[in-house]
Amino acid sequence: MKHGMSQDSEHVSVLIIGSGPAGYTAAIYAARAGMSPVLYTGGQPGGQLTITTDVENYPGYPEGIMGPEMMEDFRKQAERFGTQVRYGLVTEVDFSARPHAVVVDGQKTIFAETVIISTGASAKWLGLESETRLNGRGVSACAVCDGFFFRGQEVAIVGAGDTACEEASYLANICSKVYMIVRRDEMRASQIMQNRVKNNPKIEILWNTETQEILGAEEVTGMRLLNTKTEKISEISISGFFVAIGHEPNTGIFKEFITMDEAGYIKTIPGTTKTNVEGVFACGDAQDHVYRQAVTAAGTGCMAALDAERFLASLEN
Ligand code: NDP
């Protein structure tokens, strides 16, 4: 991409890419500092919290709050101070010179003095052909979005982390039975979450189990499983198959310019949100594979806005 290629262009001082807790917090701070930020939501406005249920660990909500509702609040707060929140997907960037060029939806080019990357992470998939073929036809990576379609029916969920436990519990409230497919003989999830699924009579945990195939021509009808200890293969009827095996950072479009670790998480200078490119900052899950919490994402979003503000101020001196 060459600067100025696009007919439709605009110049901004702070461009925020992504609309999770990190992006919106950066927007709140940048807007209140008078930097008139423009924020592009990306393909999943509100980010990962829009596909979760109760958030019980975000300070300030003693009774908990639903993830989508919390993100609505974040957006309103960002807009209240003048953030322009726009729907659109960043498809290309050129960070080789300032102002940085960012292309939205393959059409519009934004020239930005500073860019705040808060693109988060996305769900991982098992990689089975049947999983792709039946996606949206019984296969889902979001129990909260799609669980309702399987009310009163039998479903399965793969994974053994906090997400899988949380979603298994959620599904158990709606469905008649939930098979939880765990590939090892122990779970990675926190003890409290494990206890919740272990004590739920509607959840049956299948240990040492791998999914060989999701069955069904037009929609999910069952699954073929392998017990890796006994080497026994079994087929179980289900109508919904949920995948909750972790995430990967949404950082592919920045690869040419931004330094990342081997998993694709953006490297920032410790104690800051600065990347290897001047004027480009990263916050939230795009640069954090350790904590990955809404509150830590929000915290780094605040840092990114302050770093951007200081960077802009340094240009004026
Ligand atoms: P995690 O990376 O923690 O867990 C992923 C799970 O999926 C692991 O149990 C892993 O198994 C399993 N897995 C990975 N690949 C496969 C595969 N190909 N087949 C079968 N199983 C597979 O991801 P989560 O999304 O659960 O959690 C991410 C982070 O978010 C964590 O830090 C978690 O604590 C946090 N979180 C907190 C919540 C809360 O506090 N309310 C709610 C949700 C998430 P194995 O263990 O064998 O590697």
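Give me the lysines in straight-line cross-link reach of Lys267: C-alpha distance below 16 Å, same-chain residues under 8 apart excluded.
Once the sequence-local lysines are set aside, what remains near Lys267 is Lys255.
Would you calculate the separation in nanometres between label points at Gln293 and Ser36, each defined as 7 Å from the Cα along the Cα-to-beta-carbon direction?
Inter-label distance under the simple model: 3.7 nm.
Using only helices, what value at 222 nm comes out for the chain when you add -39,500 (n - 2.57) per DSSP H run of length 4 or more and divide by the total residues, to the nearest 500 deg cm²/dmol?
-7500 deg cm²/dmol
Once the Cα atoms of segment 125-243 are picked out, what are the Rg and Dmax in Å?
Over segment 125-243's Cα set, Rg and Dmax evaluate to 13.0, 38 Å.
I'd like the accessible area for Val85, computed on protein heavy atoms only with a 1.4 Å probe and all protein chains in place. Round to 10 Å², please.
It works out to around 30 Å².
Under 4.7 Å Cβ to Cβ, no partner at all: give me those cysteines from the chain, in residue order.
Lone cysteines by the Cβ rule: Cys165, Cys175, Cys283, Cys302.
Of the heavy-atom accessible surface of segment 125-243 (probe 1.4 angstrom), what whole percent is carbon and sulfur?
That fraction is 46 percent.
Net charge near Met66: determine it from the other residues with C-beta under 10 Å of the C-beta of Met66, scoring Lys and Arg +1 and Asp and Glu -1.
-3
Tell me which chymotrypsin sites (Phe, Trp or Tyr not before Pro) from segment 72-104 have a DSSP coil assignment and no more than 13 other beta carbons within 10 Å of their own.
Those that pass, being in a loop and sparsely packed, are Tyr87.
If packing is taken as the average number of other Cβ atoms within 10 Å across a peptide's residues, how do 274-287, 244-257, 18-31 rank, most packed first?
18-31, 274-287, 244-257
Taking just the alpha carbons, could you work out the radius of gyration and Dmax for the chain, both in angstroms?
Both quantities, over Cα of the chain: 21.4, 70 Å.
In nm, what is the difference between 0.36 nm times the number of residues separating Glu186 and Lys229 and their Cα-Cα distance?
Here the segment from Glu186 to Lys229 would lengthen by 14.2 nm.
List residues of segment 225-242, by number, whose backbone nitrogen lies under 17 Å from a label position 7 Å along Cα→C-beta of Glu218.
Taking a point 7 Å out along Cα→Cβ of Glu218, the residues of segment 225-242 whose backbone N falls under 17 Å are 239-240.
What GluC sites (Glu not before Pro) does segment 26-75 have in DSSP loop regions with at most 12 other beta carbons within 10 Å?
Glu56, Glu63
Setting aside same-chain residues fewer than 8 positions from Lys76, which aspartates and glutamates have a Cα under 20 Å from its Cα?
Asp54
Taking the simple approach of a point 7 Å from Cα along Cα-to-Cβ for both Arg80 and Asp261, what is their distance in nm?
3.6 nm
Where in segment 303-317 does the amide nitrogen come within less than 20 Å of the point 7 Å from the Cα of Glu10, taken along Cα to Cβ?
Within reach of a label on Glu10, which here means backbone N under 20 Å from a point 7 Å along Cα→Cβ, segment 303-317 contributes 305, 309.
I need the peptides 229-239, 146-156, 170-180 ranked by packing, meaning the mean over residues of other C-beta atoms within 10 angstrom, with the highest value on top.
170-180, 146-156, 229-239
The values are calculated or read from the model by the stated rules, or taken from the named source; none is laboratory data. Being a predicted model, the structure only gives us computed values, none of them experimental. Backbone-built Cβ (ideal geometry, glycine too); neighbour counts: all protein chains shown. With ligands, DNA and RNA removed, areas are computed over all heavy atoms of the protein, side chains included. Shrake-Rupley method; radii C 1.70, N 1.55, O 1.52, S 1.80 Å.
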